[in-house]
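**Student:** Have a look at the structure that comes next, please.
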Amino acid sequence: MLTETNGDDLQDERVRFCLEHGPKAFPEDIIRLLVERLVRGPEGVFDARDGDARLVAALVEKADNEADAADLALLGATGSDAALKRLVGGVVDRASALAATGPRTVLHVALPAPLTGLSEVLETRGFEVSHRSYAMVRRGAARWPQRTPPGMSWRPVEADSIDATRAMIIDAFAGTRGTFISAPEDFRRHMLEVAPHIALLFEGDSLVGYVRVKPIAPDAGFVARVARAPRARGRGLGDVLLREGLRRLTDMGATTVKLDVVADNLSALGLYERHGFEVYAEEVTWERRC
């Protein structure tokens, strides 16, 4: 059975459910962004139940990605394998029908490690593997003194730098599968909300780098994104940006740090491995034309 989105109380309860039963550890701000802003409307939020089993998902359309696809994000799931297969099948069918009405012509469905057993549900519906991503972790405290290359400076987020930041991130991840960038108005609002956890690196008055982190527990943090301007590649700025993110998380008390990376983004994978990150899980994203 699918229920509909009705009011803030139900939406708050769904967010709590996703925080408690998320197959992927999305923080609350990302869950709310996905279910409240990046869907086309209430019809893009799915709450499916089968006895004691439940699945909450969101069809994300108000975001840019390399494949120009709508993304079905599976945000909360509980129940037996058999029940979840029925729920995922029904939600995928509903999401496919909705996505087919436009504007996207491709549907992506990511299966985090706890849900990989549901891949047969997608295979029987004609989905094929699009790409794979790794979840990585670094454990252990370390000192990360701030490094500022000559001629560069760290600056906080300001309203007049947000559009340039979004444009730089788009350029930095051009050609990278799985990149997710929200629409300009949502990007701007979210940047201002999470500004204290973002560091911008400037060379003179030109933006060359971005790092965003977030605490996810008293002793754990997450590196949400590291991006450097294409023209600044080959200068070691990836190391500078990542170290700044780790420094900020360490200052918040984090001794465990996690991040996600697309498996075939070899330069990013090498960067994270150099700083002690190891793969602990894999996520497979499937796709099908609507």
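**Student:** So, of the residues in region 133-153 that are more than 24 Å from the chain's Cα centre (by Cα) and assigned to a strand (DSSP E or B), which turns out to be farthest from Glu203 (Cα to Cα)?
**Tutor:** Ser153
**Student:** Right, next: How many residues does region 154-163 hold that are outside any loop (DSSP other than H, G, I, E, B) and either not charged (D, E, K, R) or not assigned by TED's automatic domain parsing to the domain that holds Gly236 (or both)?
**Tutor:** Within region 154-163, residues that are outside any loop (DSSP other than H, G, I, E, B) and either not charged (D, E, K, R) or not assigned by TED's automatic domain parsing to the domain that holds Gly236 (or both) number 4.
**Student:** Okay, moving on. Provide a single number: the residues in region 63-107 that are farther than 22 Å from Gly178 by Cα, free of Cβ contacts under 8 Å to residues at least 40 places away in the same chain and either not in a helix (DSSP H, G or I) or not assigned by TED's automatic domain parsing to the domain that holds Arg14 (or both).
**Tutor:** Result for region 63-107: 3.
**Student:** Any residue at all in region 242-257 that's modelled with pLDDT of 95 or more, within 30 Å of Ser96 (Cα to Cα) and either buried (at least 20 other Cβ atoms within 10 Å of the Cβ) or in contact with a Cys (Cβ under 6 Å, 6 or more places away or on another chain) (or both)?
**Tutor:** No; the residues of region 242-257 include none that is modelled with pLDDT of 95 or more, within 30 Å of Ser96 (Cα to Cα) and either buried (at least 20 other Cβ atoms within 10 Å of the Cβ) or in contact with a Cys (Cβ under 6 Å, 6 or more places away or on another chain) (or both).
**Student:** Identify, by number, the condition in (1) closer than 22 Å to Asp64 by Cα; (2) in a loop (DSSP other than H, G, I, E, B) that Arg166 doesn't meet.
**Tutor:** Failed condition: (2).
**Student:** Within region 18-41, is even one residue aliphatic (A, V, I, L, M), part of a strand (DSSP E or B) and crowded, with 20+ Cβ neighbours inside 10 Å?
**Tutor:** Yes, region 18-41 contains at least one residue that is aliphatic (A, V, I, L, M), part of a strand (DSSP E or B) and crowded, with 20+ Cβ neighbours inside 10 Å.
**Student:** Identify all residues within region 108-154 that are β-branched (Val, Ile, Thr), farther than 24 Å from Phe277 by Cα and either surrounded by 11 or more Cβ atoms within 10 Å (Cβ to Cβ) or in contact (Cβ under 8 Å) with a residue 40 or more places away in the chain (or both); write none if there are none.
**Tutor:** Taking region 108-154 as the starting set, the residues that turn out to be β-branched (Val, Ile, Thr) are 109, 116, 121, 124, 129, 137, 148.
With the extra rule that they be farther than 24 Å from Phe277 by Cα, the set shrinks to 109, 121, 124, 129.
Answer for region 108-154, where residues must be β-branched (Val, Ile, Thr), farther than 24 Å from Phe277 by Cα and either surrounded by 11 or more Cβ atoms within 10 Å (Cβ to Cβ) or in contact (Cβ under 8 Å) with a residue 40 or more places away in the chain (or both): Val109, Val121, Val129.
The values are calculated or read from the model by the stated rules, or taken from the named source; none is laboratory data. What you are looking at is a predicted structure, and each value in this text was computed from that prediction instead of being measured. Counting neighbours? That spans all protein chains shown, and the Cβs are built from the backbone with ideal geometry, glycine included.
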